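The values are calculated or read from the model by the stated rules, or taken from the named source; none is laboratory data. All values reported here derive from a predicted model rather than from experimental measurement. Quick reminder, even Gly has a Cβ in these numbers, built from the backbone with ideal geometry, and neighbours come from all protein chains shown. Only protein heavy atoms, including side chains, enter the accessible area calculation; ligands, DNA and RNA are left aside. Shrake-Rupley method; radii C 1.70, N 1.55, O 1.52, S 1.80 Å.
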Amino acid sequence: LSSELDTNVLLSKIMQSARDLLQVERCTLFMLDAEKEELWTKLADGMEPLRIPMSKGIAGEVAMTGQTLNIPDVYQDARFNPNVDKESGFRTRNMLCMPVRNNDGTIIGVAQMINKLGDEPFTKIDEELLEAFTAQTAVALENAMLFQQTLEMRNYLESNLKSITNLVITLNNEGRMVTANH
C-alpha cells in the first residue's frame, strides 16, 4: 500500500486488501473532512464521493468518539440505518468499525467491515488485525495526500511563474543558473 501515491487507486487497493485480510463481504473506508464535519468515501470511479455527516450512523459515532465498535447484530443497534439495506437490497448482519489514526493519533478516517464470512461474529483477533491494518493504511494515505498536495503546490507555483512578465531566475550556490521562467 505504501508504494501507491494516487489516492483513488490507493483507496481501491485498501478496500480490496481489507476485504481479503478480514474475510468480509463488504468494507468501506470513510475519510474525514474535519472542516465540513463529514465522512466521505469514493464508491466507484466516475462517481461523486458519498458524504455523510459525522453525527450520523455507526461510522459517524466512531469518528466522533474514536472508539472501536464491534456489533454482532446491527439491527439491534439504534445507530444503524436499515434504510441503506432496503435501498440496496443488501443485508447487513454484523459490523466492525474502527477509527483510522495518523501518527499524531488524530482520526483521519473510519474503516468499516461488514458481514464476516461464514456467519461468524467479529472477534478480538479481527479487531487486532484491523488495528494493525489501519495503522499501515494511515501511513499510506498520509503519504499519498502529501504527494498530492506537493503536486498541487508545484502546479500552482509553475502557473504563477509563467504569468510573471519579468525574468525570474534561480541560481545554485556557485552562482550558476538552475531555472528561469519563459
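What the table below lists for this structure:
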quantity	calculated
Qualifying residue in segment 48-55 (condition: among the hydrophobic types (A, V, I, L, M, F, W, C) and modelled with pLDDT of 85 or more)	yes
Residue count, segment 134-182 (criterion: of a type in the set (Val, Ile, Thr), under 30 Å from Gly105 (Cβ atoms) and free of Cβ contacts under 8 Å to residues at least 24 places away in the same chain)	1
Residue check, Lys124 touching a residue at least 40 places away in the same chain (Cβ under 8 Å), open to solvent by 10 Å² or more (accessible area, probe 1.4 Å) and within 23 Å of Leu22 (Cβ to Cβ)	no
Scope segment 98-143; condition in contact with a Ser or Thr (Cβ under 6 Å, 6 or more places away or on another chain), closer than 24 Å to Pro53 by Cα and not β-branched (Val, Ile, Thr); matching residues	Met98, Ala111, Gln112
Residues of segment 67-118 satisfying the condition of being open to solvent by 10 Å² or more (accessible area, probe 1.4 Å) and on the phi > 0 side of the Ramachandran plot	Gly89, Gly105, Gly118
Strands (runs of 3 or more DSSP E) contained entirely in segment 76-178, each with at least 2 residues that are of a type in the set (S, T, N, Q) and in contact with a strand residue (DSSP E or B) (Cβ under 6 Å, 6 or more places away or on another chain)	107-116
Checking Val168 against (1) open to solvent by 60 Å² or more (accessible area, probe 1.4 Å); (2) more than 30 Å from Asp33 (Cβ to Cβ), the condition it does not meet	(1)
Some residue of segment 37-57 being in contact with a strand residue (DSSP E or B) (Cβ under 7 Å, 6 or more places away or on another chain), charged (D, E, K, R), closer than 25 Å to Leu146 by Cβ and open to solvent by 50 Å² or more (accessible area, probe 1.4 Å)	yes
Subset of segment 32-47 (residues that are modelled with pLDDT of 85 or more and of a type in the set (A, V, I, L, M))	Leu32, Leu39
Candidate set from segment 152-161 (those that are surrounded by 11 or more Cβ atoms within 10 Å (Cβ to Cβ) and not polar (S, T, N, Q)); member that is nearest to Ile14 (Cα to Cα)	Glu158
Met113 at pLDDT 85 or above and either under 18 Å from Ser17 (Cα atoms) or small (Gly, Ala, Ser) (or both)	yes
Any hit, segment 70-91, residues being within 30 Å of Glu152 (Cβ to Cβ) and at pLDDT below 85	no
